[in-house]
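Report on one structure; see the data block that follows.
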Amino acid sequence: MKKRFLPLGILLAATGFALTFFNTPESVYTPVESRVETELGRIDGAIKYIEKRMVNPETGSLDLRNVHRVKDEINLHLQTRAASATSLEWEEMGPNNVGGRTRAILIDQDNHDLMYAGSVSGGLWVSHSAGRAWHRAKGEDGNPLPNLIIGSIAQAPNGDIYFGTGELTHEYGNGGSGFIGNGLWKKTAESNYFTQIQSVSSEFNNVTDDTWSLVAALAIQEDGDVFAATNSGLLYSNDGGMNFQDCATATVPPMLSAQCTDVQVGTDGSIAASVGNTLYVSASGEHNDFVKKTIADPNYPQSEANTRIEISISASNPEYIYCAISTNGGRYGLMKGVYRSTDRGDSWEIIGKPGLSELNIFNQQAKYDMVIKVHPEDEDKIYVGGLDLWSWSYNESWEKLTQWGYAGFPMFTNYLHADQHELIFHPENPDVMYSGNDGGVFKSEDGGNTFTHMNRGYNVTQFYAIGYSKHAEVVGGTQDNGTQLVAWKAEHSNSDIVQGATPQAGFEIGGGDGGYALFSRLNPDIIFSETQNAGELRRSATKGLSQNTIWAEFLENRIEVNGSNWVTPYALHENMNDPINSNLDGLPFEEIITYVNNPLDTLFTGDIIEITSSKSGSATFNYTLTNDLLPNDTIKIVDPYSSIFAIGIGEDPWSGPSLSEIWISRNSLELAATTEWFRISDTSDVIGTPSCMEFSSDGNYLFVGTEGGALYRYSNLNYARNASTADIGGYSFLVEADLIGNWGGVITGLSVDKKDANRLAISLGGYGTSGTKVQVSTNALAPSFDVNFTGIQGDLPVMPAYDVLFNVTDSSHLFVATENGVWSTFLDYQAKANPNIYQNEIHILEEVLDSAGDFLHYDTTIVINEVQHTQDLYNLPGITWSQENVGLGNVPSFMIHQQWYPGEYYGQIYVGTHGRGIFKSGTFSSRDEFYLEDPISEEETIEEYLSVYPNPVTNQLTISFVSEADEKADVSIYDLTGKLLIHKQVDLVMGSNQIPMDVSTLPKGTYLVHFNNGVDSKYTKIVKAY
C-alpha cells in the first residue's frame, strides 16, 4: 500500500483593506490612521453596553440598594453553604504585561520604591520595585484583597494609607451603571495589610444609601484629617476614618451634599473641592469654612453648565489653583476649558479654550478621562491629560507631549496609552512621573516627553469575550487594549510567531476596542477578531502576526448605516466529518475536490493519499483509493470538512423598524478566496440587537439572543450551502427562523448542550429585587409554540449573569458567569415516559437546465430531520448554587467556555473576566498534569509572581519569579515520592528574574519544583514530556 502526501501550499492573500503589523508580539498594532478613526466615540459605546447589562430591566435604572444587597447575600452564602463537591480550581493565564484602566497611583512617602496602583475592576496592587513588577495587595487574613473597584488613594503624614472604592464614570442612580464601590479601606503605617472601615460599609453597618458607592478622590491634611469626595457630598474625618461628618459653607444651605468628584489639599492646608459641579474653597482649611467660587473669565463668557471639574493646587504656591472643566455635550463630555486662578479662586482666566481643533485634549469624552496636575516646583506649569497628555506653561503655552496612536512604532518615542486618569510626581524628582490610564501604569523620567509601560505582573485587563484553540491558547477582545492572545504555543504554529517572554504574556494582535474572538478548530493559526461595533472583522492565518478584513464592501456599508452592537456576536462551527456531504451524494451543494495524479506515478486501489480540504484553511484528510490511478488521472472526492461562520449585525433604534440581520459564510476559512456572505434573516426575523449566539454541536441550529430579550432559533443550516439555499432571496431558501422565547432583559449568553441540543440555557443581565437570571429548556428543538423554559434562580443572588455553560463531562452540571464570579448548580433530569418526536421535512430544489443553459424545471430532494424530546427537569424547588471562585474571586466574569471536542485539553474551562484577565480550570480536563496527588505535605501555594515554563518541558525549564528585594533563593526538583533530583541556589535581583534549569537528564514523568527564598516556600508541578 502506498501513502501519498500532497504538497501543502497556503496562499496568504490579504484582500480588501489590509492591516499591517510588525512581526513581533511586543509591537503589533493597527496603523495610526485607523486607530485614530476607531477611537472616536469609543467610551460612550462601552458605557452603554455595560449599562444595559446592569440596570434593572423592569425600571431601566440601577438601584444601588440592590447592588449592596447582593454583596451581603454573597457573604452570607459563603458562611452558610458548603463548597461545591466539584469545586473549580482556577489558574491565572494573564495577560501579565498589558494592564488596564487605572485611576489611582501612590508612591509611599517613606519608601519611594514602594508603590500602589488601583484598578477599576481588578483591585489594589503593590510594587516594591518602583513599579517594575506588581503583585496583589493583601488583607488582614494574609490573602489577596477582593477584586475591589479602586477609584482613589491617599497617604496621611503618619504613614497610614487609605483607598476609596467606586469609579467616577457613570451617573449613579439615574439609569446609569458602573463599577459600584463599597466605602473605604485603610492600612496603618505599622501594618502590611488593609482592612475595611466598617462604619462606612453596607456590609458591616447596614448603609443603604449610595454615599459610599463612590469615593472619587481622597485628600489628607497635615494633622491627619481625611477628606473624601463621595457620591453624596464632601465628607471629612478627624479620627482616622472611623467616623465621617459633612463639610459645610458659612452660608445657607451649609451642607456640601451633592455629588463630589474631586478634592485637593494645599501644602498650607487649604482645601478645594468640586461639589455638584461647583468649586468650593476653604482657604483656612477648616471643614466648615468653604466658599463657593465661580469659575469664569470675564473676557470669555460661557453659558454651558459644568458636568465635571478636576482641580489641582500648586504645591509651590497654594494661591494658584487650576481647573479643567467639561460640559455635557459631545459623545461623553466636551471640554469647556482649562482655567487658572492666582488668588485662590477669586478671579480666573481661561488658558485652554474649547472648540479648537489644535487643542482637542478630551476628544468628546471629558466625563471619562480628565486629569490636571501642577508641576510641584513651578506654579506656572501644568499637565493636563485626556485622550493624550498635554502641558502648558506661562511662557510656552500648550504642547502635546504624547500620542496614543503611535503604539507599536519604535521610531516614535512619545507613545502613551490612551485615556489619562491619574498623574503623580516622584517626591524627590518631579521629572519622574507616573501616569494611570486605560493601559495601566506608565513611567516618564524626562518630564513627560517619553514614557515606558510598567505593567509586569499587573493583570487587570478587562475582557469582553474569549475563544480558545485545541492547544489551550486563548484569544480575547478587551476594553481599550485591543485583541489579546495569551498562552500561544509557537511550536504548534506554521507562522513565524515566537514564544512569549513569560507564560502569561499577552500579544496584541489587533488594536481599538476588541470584542468577540475565536480560533479555528481545524487550523489554529486562523484567528477571527473584531473592533467595536463590528467596524472591522478580521481574519489572521498567522496566529495574529498579520490580518485582513473579511467584510464584503456591501456589509461594511450596511453596518455604517444600520450600526451594530458595541460587542458584535459571531460564532464558528466546524465539522470534520460532514454528514450531509458524506451521506447525501448528488445534492446540489456538496463540496467536491478535484485530485489530479502525479504525471510520473501510478496509484493502486487501497493506497492512501492526503488531501487538502477546499473549505478548511489548509486542514488535510486521508482518502483511500477505490480504483487505480494512472499518471495524470483525475478523480473527484467529496470534502468531509465544512464550516459555518455566523454574525449578527445591525442595531435597533429607539423607534421604527428593526435594523438587525443575521449573516453566514460557508467559506470563511478559505484563505485565498473572497468570503461569500448569505443573509439568513431580514429585519422582520430579528427584533432587537443581536447580543450572543451559539451553534448546536452538529451545526444544524443557530440560537441567537438579543438586547431586547428575544431568543431566535435558525434551523436547517447544514443544508444551507449556497446562494440558492442559504440566502433569504434564494429560490430554494432552506433556513427557518423561529422566535422561541422572550424575556425583559438582555440575553447575555447561551449554552447548547453538546450531547443534546434540546438542552439550552440562557443568562440574563440586570440587578433587581426579583427575576430569574438563568433559564433552561429541555425541548429547544421542538416547534416554536411548544418550546418552554424554566427559571432556575434558586438561591442565586439576583445579579447580572453574563454567560452560561453546560459541563461537557456532565450535562447536569451548569455554570453561570456573573458580575460576582462563577457559580454552579446541578440539575435533575427525568426521562419522559413517552418521548416527543418531532419531524421536519426539508424540500431542496435544484435547477435543471437544457443544453443551452436555459431553465427547464426544478428537481426536488426531500430530507426528513427527526428530533426527540426525551427528558424534563424536575425537583426545581431544590435548586442550590455554589460559588466557584477559588483562585478567581468575585470578579465580573463576562464569558465562560469549555473545550468540548476530543483532544488533550478536553474538558478544560476558560473564563474571560472584566478586570482580572483570563483564567483556566483543569478540574474536568483529561490532561494528567492537572491536580495530581503527591506525597509532599508542605503547603503548596502558587502565587501570582511565580511561574514555570514551558510546561510540559523537554530540556530546559525557566522559572520566572518577581522578587521584592535582592536576595538568595533555593530551587529544587523532586519526584512524586519526595526524592531530591536537582538543586540550585540562585541570586535574585529586585524585580523580575528568569532562572534556567537543565532538566534534560530527567526521564519522562511528573515532578515537583520547590522554590524557597526564606520568606516564601512554594511548590508547583511540571511534566517532562520526552
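Values in this text are rule-based calculations from the coordinates and carry no lab data. Fair warning: this is a prediction, and the values are worked out from it, not measured in the lab. Methodologically, a virtual Cβ is constructed for each residue, glycine included, from the backbone with ideal geometry; neighbour enumeration extends over all protein chains shown.
Kindly express, to the nearest 10 degrees and within the range 0 to 90, the angle between helix 553-562's C-alpha long axis and the longest C-alpha principal axis of the chain. It is inclined by approximately 50 degrees. Entry note, the range 825-923: relative contact order of 23 percent, from Cα contacts under 8 Å with a spacing of 6+ residues.
Summary of the geometry: the range 411-455 and the range 296-312, compared by the centres of their Cα atoms, lie 28 Å apart. When both bridge partners sit in the range 946-1024, DSSP labels roughly 95% of those beta bridges antiparallel.
Using C-alpha pairs under 8 Å with a sequence gap of at least 6, the mean separation divided by the residue count of the range 946-1024 gives a relative contact order of 35 percent.
How much length is gained if the chain between residue 188 and residue 854 is pulled fully straight, taking 0.36 nm per residue apart and subtracting their Cα-Cα distance, in nm to one decimal?
My answer for the length gained is 230.9 nm.
Whole number please: convex hull volume per residue, Cα atoms of the range 733-819, in Å³. Per-residue hull volume (Cα only) is 106 Å³.
Taking each of 353/400; 373/400; 489/543; 336/400; 489/984; 48/400 in turn, the alpha-carbon distance tops 20 angstrom for 489/984; 48/400. Summing Lys and Arg as +1 and Asp and Glu as -1 over all other residues whose Cβ lies under 11 Å from the Cβ of residue 416 gives a net charge of -1. Per-residue extension of 0.36 nm, minus the Cα-Cα distance of residue 577 and residue 357, leaves a gain of 73.4 nm for this segment. With neighbour counts taken as other beta-carbon atoms within 10 Å, the residues 676, 884, 560 rank, fewest first, as 560, 676, 884. Between residue 810 and residue 267, the distance separating the two model label sites (each 7 Å from Cα on the Cα→Cβ line) works out to 6.5 nm. Label separation (residue 300 vs residue 286): 3.5 nm, computed from points 7 Å beyond Cα along the C-beta direction.
Measuring nothing but how far apart in sequence close Cα pairs (under 8 Å, 6+ apart) lie, relative to its length, the chain scores a relative contact order of 10 percent.
Based on other C-beta atoms within 10 Å, arrange 799, 255 from fewest to most.
255, 799
Hydrodynamic estimate: the Kirkwood radius of the range 946-1024 over Cα pairs, inserted into Stokes-Einstein at 20 °C and 1.002 mPa s, corresponds to D of 169 µm²/s.
Computed from the C-beta positions of residue 399 and residue 113, the FRET efficiency with R₀ = 45 Å rounds to 0.90. Peptides 345-355, 294-304, 180-190, 88-98 ranked from most to least packed by the mean count of surrounding Cβ atoms within 10 Å: 88-98, 180-190, 345-355, 294-304. Given only helices, namely DSSP H runs of n ≥ 4 each adding -39500 (n - 2.57), what is the per-residue ellipticity at 222 nm of the chain, to the nearest 500 deg cm²/dmol? The per-residue figure over the chain is -1500 deg cm²/dmol. Translational diffusion of the chain was estimated from the Stokes-Einstein equation, with Rh taken as the Kirkwood radius over Cα pairs; at 37 °C and 0.692 mPa s the coefficient is 108 µm²/s.
How high is the FRET efficiency between residue 498 and residue 413 when r is their beta carbon distance and R₀ equals 22 Å, given to the nearest 0.05? E(calc), rounded to 0.05, equals 0.35.
What is the calculated FRET efficiency for residue 864 to residue 638, with r their C-beta to C-beta distance and R₀ = 25 Å, to the nearest 0.05? That pair, residue 864 with residue 638, gives E of 0.70. Given their separation in residues at 0.36 nm each and the Cα-Cα distance between them, residue 596 and residue 81 gain 178.8 nm when the chain is fully extended. Remark: 247, 323 ranked as 323, 247, counting other beta-carbon atoms within 10 Å and listing the fewest first. Sparse packing (at most 10 other Cβ atoms within 10 Å of the Cβ) combined with a DSSP loop state is found for the following GluC sites (Glu not before Pro) in the range 402-511: 428. Relative to the longest principal axis of the Cα atoms of the chain, the long axis of helix 42-54 makes an angle of roughly 80 degrees. Between residue 728 and residue 561, the modelled label-to-label distance comes to 1.3 nm, taking each label 7 Å out from Cα in the direction of the beta carbon. The angle between the Cα long axis of helix 64-80 and the main principal axis of the chain comes to about 70°, on a 0 to 90 degree scale.
How many percent of DSSP beta bridges within the chain run antiparallel, rounded to 5? Close to 95 percent.
Dipole magnitude for the range 946-1024: about 440 debye, using +1 per Lys or Arg Cβ and -1 per Asp or Glu Cβ, origin at the Cα centre.
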